[in-house]
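Everything on this sheet refers to the single structure shown next.
The values are calculated or read from the model by the stated rules, or taken from the named source; none is laboratory data. Keep in mind that what you see is a predicted model, and the values were worked out from it rather than measured. Here the Cβ is made from the backbone with ideal geometry for all residues, glycine too, and neighbour counts use every protein chain on show.
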Amino acid sequence: MMAAELFAAQWLLACAGCVAVGLLVWLMLDGAARWLPALRTRRGIWLAAQCVVALAITLPFLPRSAEINVTPQITLAAAPTAPPPAARPSATGNTAATTGIATTEEATDAATMLNTAQVLPSLAALWLVIYAAGLAWAVRKQLRARRLWRGLLAGADRLSPQELQDHGAFTIAQLREIAQRGLTVLRTSAAISPMLVGVRRPRLLLPAHFDTLSVEQQQMIVAHELHHWRARDPLCLAIAAALQTLFWFNPALRWMARQMEWALELQCDQHVLTGRPQQERKQYAAALLRQWSAIAPTGAAAFHGTAISTRIRHMQQDGLPALGATTAWLIAAALASVLALGAMLQPALAYSVAASGQLERPAAMPEAATSAAMAAAATATPLVTAAPASTATPAAQAAAASTPEAWRAPVDNIRVTSFFGVMRSVLPTPHKGIDFAAKTGTPVHAAASGTIIAAGPIAENNGRYGTTVIIDHGGRQSLYAHLSSVNVAPGQHVQAGQHIGASGATGFATGPHLHLEVRENGRLIDPAAMFTNLDAYATPRALRIRRLQKG
């Protein structure tokens with residue numbers, strides 16, 4: 001997959017993971033609150049839950065996130081699991097009939113994987129369009145609300161310090177706090193409830209019908225709004241609004257935001273009513289009812305999004321349900337566990353479309369294909385029959401002796417994702433080697449016998465190769481880049497097929513894979529020339545890109 005396709009696929013799976021984490025957190029907290037009502041009255045818990053859900057969407061994009069997942073990667077192959085049935089060449093160049101070796105089940109699996117690989121980029125692109133449209137709608141909604149509030153503030157009158165003193169709705173302590181902290185108090189004729197407007201420098205907006213309340217009721221309502229101010233509740237609401245805008249597709253964030261608003265109001269109510277007699281509690285409740293009647297005489301019984309009747313029942317209590325420190329720590333640990341679970345599970349989904357288009361699928365190595373072809377040749381009529389050695393001419397024998405032996409595949413399960421010489425979106429230069437799909441930790445073998453001349457991080461190519469092994473084969477060199485580890489040392493002689501390290505994503509790599517280069521007398525050559533029928537193990541996309549670019 002190209003870089004844009006990779007990002008689109010990761011974003012699609014990240015959004016799906018965000019929704020899954022949101023539903024899990026909501027069900028967990030909502031279920032816990034049924035037997036522990038104190039949870040519903042703690043704004044910190046619901047704000048933390050929203051942040052956890054938002055962080056879940058970043059997990060697939062964390063560096064090396066694929067190394068901490070505990071689930072197997074989802075196979076999204078776009079090529080058959082074996083070479084085409086036309087012919088499968090052996091190590092010596094002979095071919096054997098393979099028609100009938102692939103079963104109907106294998107053909108069905110290959111078709112299914114091909115369809116999946118084709119559908120995923122389309123779904124990812126479609127989701128990007130849908131997300132962009134939804135984000136534009138959510139931003140437009142926020143901007144419209146912002147314009148309404150700005151218009152409301154522009155039409156309001158600012159109360160001077162003398163007018164505040166003459167108003168009677170403020171106690172001496174409240175006036176002193178307003179003056180010291182520079183809170184602006186405005187009066188509007190609009191039918192709204194008293195509220196704080198703004199985040200960085202909130203302003204207290206009082207409606208004209210606020211004057212119809214008694215002085216004691218007005219002072220309690222002002223005390224309610226000032227506590228919102230001290231507790232920085234407008235900031236909490238702004239964070240929730242921003243998360244709902246960015247992640248408009250996640251309903252769990254809206255549910256948690258409403259629960260947080262409920263907790264904010266309950267905490268302010270209890271702050272105002274602590275130590276007050278029942279008579280004042282009734283007056284406070286009556287003031288809320290009158291405020292609601294003024295702004296929504298025929299609407300639903302709601303005040304700041306909370307049910308009036310339930311709030312009144314809480315006002316009659318001496319305090320909110322207690323939440324012990326142990327319980328709070330357990331809730332925090334549960335939220336952290338959900339995030340850790342997402343880190344272990346979701347990256348496996350995101351990297352199943354392995355970066356740089358490396359789609360995992362099992363494939364037989366060339367040696368195994370050769371063995372199968374040779375076995376088929378023993379029981380079927382070969383397409384090409386080799387001449388007996390006794391009848392070969394001396395010239396033919398000399399030519400066969402001078403032909404270099406085919407190299408061994410550097411990984412057991414072969415799938416070529418990028419060929420030599422093709423142009424890619426991540427770099428402006430042609431590809432210097434061949435990429436093999438290999439998730440982190442896949443064993444890497446020496447393609448041919450030789451002497452190790454480098455093992456570990458190298459400075460060549462500005463360090464883009466990362467951890468690398470270079471083997472000298474006498475006139476030729478093979479380079480194995482982006483390894484996660486090596487288990488050989490310079491000067492060591494290795495045999496073909498010997499384990500030399502493990503694949504990874506070190507250096508400049510968009511995802512785990514093995515990059516193989518071959519050099520002859522200091523000049524880069526196409527590694528495909530060293531292997532037998534490597535095209536049979538390439539993804540359709542790799543073949544298509546090479547065909548389009550090479551002609």
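Here is a list of conditions, (1) out of contact with any Ser or Thr (no Cβ under 9 Å at 6 or more places or on another chain); (2) over 19 Å from Phe419 (Cα atoms); (3) at pLDDT 95 or above, and Ile471 meets all of them except one; can you say which number that is?
All conditions pass for Ile471, except number (1).
Before we move on, is Ile453 over 16 Å from Asp412 (Cα atoms), exposed (fewer than 15 other Cβ atoms within 10 Å of the Cβ) and of a type in the set (A, V, I, L, M, F, W, C)?
yes
Could you list, in sequence order, the residues of the range 459-515 that are farther than 18 Å from Arg424 by Cβ, polar (S, T, N, Q) and touching a residue at least 40 places away in the same chain (Cβ under 8 Å)?
Thr467, Gln477, Ser478, Ser484, Gln492, Gln495, Gln498, Ser503, Thr506
Among the listed residues Ala489, Ala437, which satisfies the condition of being over 15 Å from Leu516 (Cβ atoms) and among the aliphatic types (A, V, I, L, M)?
Numbers: Ala437 fails: over 15 Å from Leu516 (Cβ atoms).
Matching residue, one of Ala489, Ala437: Ala489.
So is Gly433 modelled with pLDDT of 90 or more, in contact with a strand residue (DSSP E or B) (Cβ under 6 Å, 6 or more places away or on another chain) and either closer than 20 Å to Gly507 by Cβ or buried (at least 22 other Cβ atoms within 10 Å of the Cβ) (or both) or not? Give the steps one after another, and end with the answer.
Values: modelled with pLDDT of 90 or more: yes; in contact with a strand residue (DSSP E or B) (Cβ under 6 Å, 6 or more places away or on another chain): yes; either closer than 20 Å to Gly507 by Cβ or buried (at least 22 other Cβ atoms within 10 Å of the Cβ) (or both): yes.
Judged against the criteria, Gly433 is a match.
Looking at the structure I just gave you, is Ile221 within 17 Å of Arg311 (Cα to Cα) and assigned to a helix (DSSP H, G or I)?
Yes: the conditions hold for Ile221.
How many residues does the range 163-186 contain that are surrounded by fewer than 16 Cβ atoms within 10 Å (Cβ to Cβ) and part of a strand (DSSP E or B)?
Count: 0.
May I ask you to say which residue of Gly198, Gly155 is free of Cβ contacts under 8 Å to residues at least 60 places away in the same chain and either crowded, with 16+ Cβ neighbours inside 10 Å or under 30 Å from Leu55 (Cβ atoms) (or both)?
Details: Gly155 fails: either crowded, with 16+ Cβ neighbours inside 10 Å or under 30 Å from Leu55 (Cβ atoms) (or both).
It is Gly198.
Of all residues in the range 262-294, which are in contact with a Ser or Thr (Cβ under 7 Å, 6 or more places away or on another chain) and acidic (Asp, Glu)?
Glu265
Report those helices (runs of 4 or more DSSP H) wholly inside the range 227-313 carrying at least 3 residues which are under 23 Å from Pro202 (Cα atoms) and at pLDDT 90 or above.
Details: elements: 233-246, 251-273, 278-295.
By residue number, 233-246, 251-273.
Only residues in the range 228-241 that are under 17 Å from Arg42 (Cβ atoms) count as the first member; pair them with residues that are of a type in the set (S, T, N, Q) and buried (at least 19 other Cβ atoms within 10 Å of the Cβ), Cβ under 7 angstrom, at least 6 apart or cross-chain, and list the lot.
If the second residue must be of a type in the set (S, T, N, Q) and buried (at least 19 other Cβ atoms within 10 Å of the Cβ), the pairs left are Ala240/Gln50.
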